[in-house]
Each structure stands twice: as C-alpha cells, then as structure tokens.
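Here's the structure we're looking at; comments come further down.
Nothing in this text is a laboratory measurement; each read-out follows from the coordinates by a stated rule. In this text, all values refer to a predicted model and were calculated from it rather than measured experimentally. For neighbour counting, all protein chains shown are included, and Cβ atoms are generated from backbone atoms with ideal geometry for every residue, glycine included.
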Amino acid sequence: MPSLKEVKLRINSVSSTRKITSAMKLVASSKLRKAQQVIGGMRPYQQRLDGMLSSLAGEIGEEFSSPIIESRKLQRAVVVALSSNSSLCGAFNANVIKAVLNVVNSLTSQGVAVEVLPIGQKMYEKIRKNNLQIFEPGINPDVAANVQLAKLLDRPNYTDIAAVATSLMKSYECEKVDKVVLVYNHFKNTATQVVTTETLLPVALEASVTVNTKQANDQSNIVNNYIIEPSCEELLKSLLPKGVSLKLYTAILDSLAAEHSARVIAMQTATDNADQLLHDLTLMYNKTRQAAITAELLDIVGASFQ
C-alpha cells in the first residue's frame, strides 16, 4: 500500500491536471460556438451556389465545356487532407489520417501517382513520416508550404484559401493533375464528427448538392425567373472557380468546427476521469490515514500492558 505522502502527491498532481482539462474545455467550448455560427451561415450559401451552378449547367446542356469539369483518364491525383495543428482532440486526427491513407492506398493500387496536400500540422507530420509525396501549391515560395497551410487553420481567410484552390485548378487545367479528392471531418453535431471524402475536381455539376423540393423548384426556374447577362455560359464560367474555392473554404470551416467539438468532448471526458480518480485517491488516502492511526493506537495500548 502506498504511503500517505505518495497518495497526497498523486492527489495534488491529478488536481492540477483537472484544472488544465477543465480550462481547455471552456476555451474549446467558446471557440466551438463561434465556429458553429460561421459554418452555420456558410453552408446554406455554399449549397445555394452549387444548386445555381447545377441549374445553369442543366439549362445550357452538353454544349457547355470548361477545363475543370472535363473528366479524363486517371493517372495523377492530389488528396487534400485536413487535420488540426494541435492534439488533445480525441480521435479527430487519427480518424481523418486513417481515411487519407485508405484513399491513397486505393488510388495507388490502381496505378495512380498520388500527391497529398496536407492542411494542418498533424497531417503534415504523418504524411512526412509515411514518405508520401507532398503537393506544393506554390503560393509563396519564400515561406515553407506546411507553415503557410497550417496558418490557414489558425485564422481562415477566404483570399488565402482561394489561392490554394486556384493553384489546384491551374494544375488540373494544365493536366498535371487528373483528380483532386478532399478528405476532412464533417461537423454533424457536438458529439459527432463524420470523416467525409469528396471529389473537388473535376466539378460534378449534376450531383453537386442535395436540396429540398422548394429549393429545387426555385433553382430549376432560375433561368426563367432572371435575365442573365451577358449569357448563361459566361456566368457559369465565372462562377465555377468561385464554387471550387468556396467548397474548399467551407470544408476548412467545417473541419475547424469538428475539431473544437472533438476537443470539448475529449476534455470533458478527461475532466470526468480526473474527478473519478480524485474520488478513489481520496478514499485511499483516508483509508491509509485511518490504518496508520489505528496502528499507532494499537502500539500505545500494547505498550501500556507491558
């Protein structure tokens, strides 16, 4: 049985750790509320834009062509993988890393040359550890790519994220890349994060979004309800790159909300475990202390009869 001093030191250590996990939970909860508001306002906008693009493409028909919607033989692919810059968020990073490796292995088994664009320090470290080829977006040659991409998660900015999306689209248009896959954690609710895999390029206009009946009717009549100038083709060509950039931006905001949600759950679980451990240690301390007192009393009583 451990001594009273050892148990007391353990209680103090667990109490200090509990204070840290409790504070981290409060910080993550505050960030989660802000992230929920941002992604809650962005998702309908992104879905509406996707529906508009599908409606315009359906009106134009097969006559419309764009480099970023043309499918071709798959020889080279880029996997855009989103993770977090820090840990202590449960299985958040482990789940998305596992999904990314599965996608890479699946494409490699088909004879496809795969490069990974890691957004998030944890993803970058894992990709480097597995000796996978890293896609260089070439945004700012004076700053390391992993540092630039990690900063996208610290303060998400549409302009910077659009620059990454533009780099991917240029690579696709130049036929350096034949497919771009996006893998990230989707924020479903506070307790659930779903690993999601989507095709970023080529753009699939026909199945870009699922909407309710009212929205579908509104979007199907968009061409009839509005005068479009200079033409549907010009508008669609202008909006397609913005749609790709917005999809990447929304995915990053979605991943951030999922990260904060996972950290809240992880820190709450750690705090609950610390409370239970403190209860057990306090009980052990009291039992040990009582046993020591009882032993001293027995020694005193025994000495009095000598």
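Values for this structure:
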| quantity | calculated |
| --- | --- |
| Inter-label distance for LYS129 and ALA23, nm, one decimal - labels placed 7 Å from Cα along Cα-to-Cβ | 2.8 nm |
| The chain: DSSP helices with Cα axial extent of at least 18 Å and average Kyte-Doolittle hydropathy no lower than -0.5 | 4-60, 92-109, 158-173, 232-304 |
| Student exercise, the chain dipole from Lys, Arg, Asp, Glu Cβ charges, in Debye to nearest 20 | 1260 debye |
| Peptides ranked, highest mean first, by Cβ atoms within 10 Å: ranges 91-97, 179-185 | 179-185, 91-97 |
| Amide H partners (placed H, <5 Å) of LEU182, local residues excluded | VAL80, GLU198, THR199, LEU200 |
| Residue (of LEU253, MET123, MET169) at the positive-pole extreme of the stretch 39-265, dipole from beta-carbon charges | MET123 |
| Distant-in-sequence amide H partners of ILE134 (H built 1.01 Å from N, under 5 Å) | VAL116 |
| In Hz, Karplus ³J(HN,Hα) per residue of the stretch 72-85 (6.51, -1.76, 1.60; θ = phi - 60°; x = Gly, Pro) | 9, 4, 7, 10, 10, 9, 10, 10, 8, 10, 9, 9, 10, 8 |
| Modelled FRET efficiency - R0 45 Å, SER66 with THR282, Cβ distances, 0.05 increments | 0.10 |
| Calculated FRET value between MET42 and LYS98, using beta carbons and R₀ = 22 Å, to 0.05 | 0.25 |
| Computed label-point distance, nm, for sites GLU173 and THR269 using a 7 Å Cα→Cβ extension | 4.5 nm |
| Net charge over other residues, Cβ less than 15 angstrom from the Cβ of VAL7 (K, R count +1; D, E count -1) | +3 |
| Nitroxide proxy distance, nm - points 7 Å out along Cα→Cβ at GLN110 and THR192 | 2.8 nm |
| Amide H contacts of VAL112 (H built 1.01 Å from N, under 5 Å, at least 5 apart or other chain) | none |
| Members of LYS19/LYS129; LYS98/LYS247; LYS151/LYS179; LYS98/LYS151; LYS98/LYS237 lying beyond 29 Å, as alpha-carbon distances in this model show | LYS19/LYS129; LYS98/LYS237 |
| Extension gain (nm, one decimal) between TYR158 and ILE228, 0.36 nm per residue minus Cα-Cα | 22.6 nm |
